[in-house]
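Everything below concerns the one structure shown next.
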Amino acid sequence: MTNSADQSWTHAGHGLPSAEPSLNTTAIATGLQLPAGFSAIAGDPELGPALTTNLARVEKKLREAIANSDPLADATSRHLVEAGGKRIRPLLTLLCAHLGDASLPAVVQAAVVVELTHLATLYHDDVMDSAPFRRGAPTAHEVWGNSVAVLTGDLIFARASILVSELGSRALGIQARTFERLCLGQLHETVGPRPDEDPLAHYLSVIADKTGSLVAASGQLGAIFSGADEAYEPILVEYGEKVGVAFQLADDVIDVTGIKVKSGKSPGTDLREGVPTLPVLLLRNAARDGDQAAVELLTLIDGDLSTDEALAAAVAGLREHPVTAQSWVVARAWADEAIAALAPLPEGVVKASLTSFAHAVVDRSS
């Protein structure tokens, strides 16, 4: 990793992180809990502590990266970081780095970059979706307004760009192409499918761009900056793309199961906002094929869902219809394909943990 010759960004209240984490990192590590699917890591006497310590370094450096001497910029940038999150993307970066030398400093910096990029997109997505909550807290645009939220997302992405530029041109290229896909995914979701385009294929393409691309980049960057065998990179990219799609498909099904998820998003939010998700797309196909129950349920779903009673009825109807079970089958198929992509990797805790994670994302209750 090389340091940028231009250090002018530090005038905004930043200080370059020290090479070694402070004692506070130990406290952060103590409070960390790994997400579901990573039990193999927690139980490993060497990998477990090493990965948890690095994840704590990431958490510390995230706060350093978004800190700003301007009070408003500092408050808005900290908003989502301090709301928490699973940190799935940096965790995958750190985990995949154990295919090489995970102790290299650039590994942690790459993990910070992918999380900052993810956070930046959340600010923008919440404005686009008019979402009132994120991670159990009011969204930034609810607190400060749309313009401030969008600009905060831009600011956080600028921080990510500074950090990734220090990692070199290859990392910068991966970041740029990934961000392009994130933007295209949001654009295509906003305008919807073309008249001659299959809505289901369009939906899966949007998910691949909006979710799969950054998950894929996370694992790839971990391999690159740990000096892992180059042959592992396309494997991790394919895995990340597929497990990212599986993750989002599961989220979309959870939305219509009647379970309130930890993000604070109430069941049926996607239905009320008219967001096309896999269960509804399959329901439309079933209605087109003559399923009368699907036709009747679509009349309810496409109607006025502004009241809690109407929304609850739509959620209950969709939950009981066979398309919801079919949706879980589709999500699990994507997870199975992700696992199959891992076949060439060496056996060990890394491969086992990636496999467990793929299972966990489609076996969630919340």
Would it be correct to say that S169 is surrounded by fewer than 22 Cβ atoms within 10 Å (Cβ to Cβ), touching a Ser or Thr at 6+ places or on another chain (Cβ under 7 Å), farther than 27 Å from F357 by Cα and modelled with pLDDT of 95 or more? no
Can you confirm whether segment 202-211 contains a residue that is closer than 27 Å to G274 by Cα, touching a helix residue (DSSP H, G or I) at 6+ places or on another chain (Cβ under 7 Å), assigned to a helix (DSSP H, G or I) and among the aromatic types (F, W, Y)? yes
Does L182 count as open to solvent by 10 Å² or more (accessible area, probe 1.4 Å), under 21 Å from V253 (Cβ atoms) and either in a loop (DSSP other than H, G, I, E, B) or touching a residue at least 60 places away in the same chain (Cβ under 8 Å) (or both)? no
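Being β-branched (V, I, T) and free of Cβ contacts under 8 Å to residues at least 24 places away in the same chain is true for just one of V315, V295. Which residue is that?
Details: V315 fails: free of Cβ contacts under 8 Å to residues at least 24 places away in the same chain.
None of the other options fit; the residue is V295.
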When you scan segment 216-239, how many residues do you find that are open to solvent by less than 20 Å² (accessible area, probe 1.4 Å) and under 13 Å from V108 (Cα atoms)? 6
Anything in segment 240-268 that is hydrophobic (A, V, I, L, M, F, W, C), touching a Ser or Thr at 6+ places or on another chain (Cβ under 6 Å), open to solvent by 10 Å² or more (accessible area, probe 1.4 Å) and at pLDDT 90 or above? List them, or say none. none
Please specify each residue of segment 84-102 satisfying the condition of being at pLDDT below 85 and either open to solvent by 50 Å² or more (accessible area, probe 1.4 Å) or hydrophobic (A, V, I, L, M, F, W, C) (or both). K86
Qualifying residue in segment 124-144 (condition: under 21 Å from E241 (Cβ atoms) and at pLDDT below 95): yes
Residue, least open to solvent (accessible area, probe 1.4 Å), within segment 108-152, restricted to residues that are more than 24 Å from E180 (Cβ to Cβ), among the aliphatic types (A, V, I, L, M) and in a helix (DSSP H, G or I): V108
Can you confirm whether segment 276-291 contains a residue that is closer than 15 Å to V253 by Cβ and not in a helix (DSSP H, G or I)? yes
Are there any pairs, at least 6 apart or on different chains, whose C-beta atoms fall under 7 Å, with the first in segment 323-347 and in contact (Cβ under 8 Å) with a residue 12 or more places away in the chain and within 16 Å of F247 (Cβ to Cβ) and the second part of a helix (DSSP H, G or I) and open to solvent by 70 Å² or more (accessible area, probe 1.4 Å), and if so, which? A335/H359; A341/E238
Looking at L271, L311, L318, L305, can you tell me which residue is open to solvent by less than 50 Å² (accessible area, probe 1.4 Å), at pLDDT below 95 and not in a helix (DSSP H, G or I)? L305
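Among the residues of segment 68-83, how many are more than 14 Å from H141 (Cα to Cα) and open to solvent by less than 20 Å² (accessible area, probe 1.4 Å)?
The total comes to 1.
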May I ask you to verify whether S161 is in a helix (DSSP H, G or I), open to solvent by 30 Å² or more (accessible area, probe 1.4 Å), farther than 22 Å from P267 by Cα and hydroxyl-bearing (S, T, Y)? yes
Mind telling me which of the residues A325, A335 ends up being surrounded by fewer than 18 Cβ atoms within 10 Å (Cβ to Cβ) and of a type in the set (G, A, S)? A325
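The values are calculated or read from the model by the stated rules, or taken from the named source; none is laboratory data. For clarity, every value in this text was computed on a predicted model and none was experimentally measured. Counting neighbours? That spans all protein chains shown, and the Cβs are built from the backbone with ideal geometry, glycine included. Accessible surface is based on the protein model in full, side chains and every heavy atom, while ligands, DNA and RNA are left aside. Shrake-Rupley method; radii C 1.70, N 1.55, O 1.52, S 1.80 Å.
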